[in-house]
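The values are calculated or read from the model by the stated rules, or taken from the named source; none is laboratory data. None of these values were measured; they are calculated from a predicted model. We place every Cβ from the backbone using ideal geometry, glycine too, and count neighbours over all the protein chains shown.
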Ligand code: SF4
């Protein structure tokens, strides 16, 4: 497994990032900010943390989607990694705009499921949503039970991934943004896949380093001034990637982050093992079990 992982990281070294090859495979769009939950592992709704607030202007959203269309984007368009995207009553409309331009993209809604009623589910699926990924944190997983009693068709259920979660799970420290979380005293000497595979765009058009950057501290570019492709290939990204390939997280918000840096979708068996890679020669160090 370690060899496989190292080979994977090694392959990134030879990538030439340009808009025509090695484009991001996932883009996370913040249609609006805010969440109706206050889970202990998340910076949302915590005393002493003032998260940016707003909703994405529709024209700005269309500009982003048009660019994705021109790039013939085939990866994942995700709503909701930092916020509860279903609180925005424009969500189905936003999905349909994305689907129109990006026929081959996988459109994913990440949600706590609290707002999923029959009509919203219908609208989201009919607009072109590929997957509604529900993380049910209610004590008795009542949201999953509710969805199950809706007697959705087999076809509709294929658009769901229903996960029974717990608010006592140990997740990452969200790049140091979770109050009272463990912040590494020195940056982990670790790789991170995110800047090689994903982009995250805030409601006001900032391309932030990743969805862990709740306070928009590490801005890689601004889609109101540059295209997605220009930002993806800019000098700041090159510097960050070079550092991460050398297992160096210093100087970016990554220095406070305890994410293991591995894409569990690429390496599903690492889902439950938290690792930090020091360099190509030293062994893997196990910190604790956790999820992104
Ligand atoms: S190390 Fe953490 S903060 Fe840095 S890109 Fe990865 S997930 Fe984001």
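Which of the helices (runs of 4 or more DSSP H) found entirely inside the stretch 174-248 contain at least 1 residues meeting this: at pLDDT 90 or above, touching a strand residue (DSSP E or B) at 6+ places or on another chain (Cβ under 6 Å) and away from the ligand (no atom under 13 Å from the Cβ)?
228-232
Suppose we filter 86, 138 for residues that are without any contact (Cβ under 8 Å) to a residue 60 or more places away in the chain, outside any loop (DSSP other than H, G, I, E, B) and more than 30 Å from residue 230 (Cβ to Cβ); which single one remains?
Step by step, each of 86, 138 is checked, and only 86 is without any contact (Cβ under 8 Å) to a residue 60 or more places away in the chain, outside any loop (DSSP other than H, G, I, E, B) and more than 30 Å from residue 230 (Cβ to Cβ).
May I ask you to list the residues in the stretch 124-140 that are more than 17 Å from residue 158 (Cβ to Cβ) and either in contact with a helix residue (DSSP H, G or I) (Cβ under 7 Å, 6 or more places away or on another chain) or buried (at least 17 other Cβ atoms within 10 Å of the Cβ) (or both)?
Result: 135, 136, 137, 138.
Can you pull out the residues in the stretch 100-114 that are within 20 Å of the chain's Cα centre (by Cα) and surrounded by fewer than 18 Cβ atoms within 10 Å (Cβ to Cβ)?
104, 106
Yes or no: the stretch 156-171 includes at least one residue that is more than 21 Å from residue 238 (Cβ to Cβ), within 14 Å of the ligand (Cβ to nearest atom) and either touching a residue at least 60 places away in the same chain (Cβ under 8 Å) or crowded, with 16+ Cβ neighbours inside 10 Å (or both).
Taking every residue of the stretch 156-171 in turn, at least one turns out to be more than 21 Å from residue 238 (Cβ to Cβ), within 14 Å of the ligand (Cβ to nearest atom) and either touching a residue at least 60 places away in the same chain (Cβ under 8 Å) or crowded, with 16+ Cβ neighbours inside 10 Å (or both).
Look at the stretch 249-261 and say how many of its residues are within 10 Å of the ligand (Cβ to nearest atom), assigned to a loop (DSSP other than H, G, I, E, B) and at pLDDT 95 or above.
The qualifying residues number 1.
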